[in-house]
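The values are calculated or read from the model by the stated rules, or taken from the named source; none is laboratory data. From a predicted model like this one, the values you see are computed outputs, not experimental measurements. Glycine also receives a Cβ, built like all others from the backbone with ideal geometry; neighbour counts cover every protein chain displayed.
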Amino acid sequence: MATTETTWESLQEEIERPPLTPSQVAWRRFRRHKMALVGVGILILMLLYVTVGALIFSEEDANYADLTINLSPPSWEHPFGTDYIGRDILARTIYGGQISIMIGLFAVVVALVVGVLVGAIAGYYGGVIDSILMRFTEAVFNIPPLLLLILVSRFFGSKLPNFHILGRTFSGSVIIIIANLGLTSWMGLARIVRANFLSLKEQEFVTAARSIGARNRSIIFEHILPNTIAPITVAATLGVAGAIIGEAYVSFLGMGVQPPTATWGNMLDQAYHHLRTEPWMWFFPGMLILLLVLGINFVGDGLRDALDPRALAETE
């Protein structure tokens, strides 16, 4: 009898419990994704590394050269060793990591602005506007991004002067790299946004908004765009990893961020002639890039599964 009462009470509590919102369902699914949690842990450690480390080492420590200890292997005094002009690699990975992460984030912001605008306008208006914008998107997509990155970096990378923010000195090439990476990576995002707009613009809530006299701008940015946040979030997260790899690749070719600004990418470039004899010069920045990209990809995979509309519908 007691068991029956307990079962009935549990059933009553289950019935009375308010249904989970889509965001609560997504969060619950994300927490169950083990690799996504591993990715979150990696990203937290990376952020602590580049922020707390900056409290221990100054930018002067990262740029201070001492030829008497150049190419020193890892030791208690220099845990990551020193580079070819005696700079501390640990300090440089801390400040270089800040720039690499900043480039990845701002490049994705540029790609988001362009991709969302192109995709939203093409998907909402359709017709000739859609055809023109999609042909333009395909044309840009067919241009090898690496070739464009190399050409622009080669001709404009050293044209901009250094600038100062919050007491730090940045090479003007940082702006060139951010613009390059952002303007060569928005096409996939535009296609995703367009596909979502094509399906959502025929929904009842859009028809209702039109019937009460809402302007096209309001319908696009206040009604349809918020319903495309899930795929945009996933694409943006994975885009950060792509931008960081892109910066590292171009910098490794010597056409990326220029001194005095350090990045993990140009640290690999500087280690090129010491691959066998001084492996610590490339090992530490290389491992940091690998860990950061893995962490971002794990989180991106978790977000993709958590925000999958089909999975959310099944859970509900």
Inset, instruction - Could you look through the stretch 48-71, keep only residues that are in a helix (DSSP H, G or I) and loosely packed, with under 14 Cβ neighbours inside 10 Å, and pick out the one that is farthest from the chain's Cα centre (by Cα)? - result: Thr68
Legend entry - Meets criteria (assigned to a helix (DSSP H, G or I), out of contact with any His (no Cβ under 9 Å at 6 or more places or on another chain), crowded, with 22+ Cβ neighbours inside 10 Å and touching a residue at least 24 places away in the same chain (Cβ under 8 Å)) for Met267: yes
Inset, instruction - Report whether or not Pro226 is in contact with a strand residue (DSSP E or B) (Cβ under 7 Å, 6 or more places away or on another chain), surrounded by fewer than 15 Cβ atoms within 10 Å (Cβ to Cβ) and either without any contact (Cβ under 8 Å) to a residue 12 or more places away in the chain or closer than 22 Å to Tyr64 by Cβ (or both). - result: no
Legend entry - Count of residues meeting criterion [in contact with a Phe, Trp or Tyr (Cβ under 9 Å, 6 or more places away or on another chain) and assigned to a helix (DSSP H, G or I)] in the stretch 240-263: 6
Inset, instruction - From Ile94, Ile99, Ile143, grab the single residue that is surrounded by fewer than 16 Cβ atoms within 10 Å (Cβ to Cβ), in contact (Cβ under 8 Å) with a residue 24 or more places away in the chain, of a type outside the set (Ser, Thr, Tyr) and closer than 24 Å to Gly256 by Cα. - result: Ile143
Inset, instruction - Tell me which residues, restricted to the stretch 215-239, are hydrophobic (A, V, I, L, M, F, W, C), in contact with a helix residue (DSSP H, G or I) (Cβ under 8 Å, 6 or more places away or on another chain) and either farther than 16 Å from Gln203 by Cα or outside any helix (DSSP H, G or I) (or both). - result: Ala230, Ile232, Val234, Ala235, Ala236, Leu238
Legend entry - Subset of the stretch 26-47 that is among the charged types (D, E, K, R) and in a helix (DSSP H, G or I) - its residue that is farthest from Phe283 (Cα to Cα): Arg28
Inset, instruction - Assess whether Ile212 counts as being at pLDDT 90 or above and not small (Gly, Ala, Ser). - result: no
Legend entry - Pairs, first over 16 Å from Gly123 (Cα atoms) and free of Cβ contacts under 8 Å to residues at least 24 places away in the same chain in the stretch 204-219, second in a helix (DSSP H, G or I) and hydrophobic (A, V, I, L, M, F, W, C), C-beta under 6 Å, six or more apart: Ala209/Ile219
Inset, instruction - Give the residue, chosen from Tyr84, Tyr95, that is at pLDDT below 95, within 17 Å of Phe284 (Cα to Cα) and assigned to a helix (DSSP H, G or I). - result: Tyr95
Legend entry - Filter result for the condition that a residue is modelled with pLDDT of 70 or more and part of a loop (DSSP other than H, G, I, E, B), over Ile121, Ile143, Ile150, Ile129: Ile143
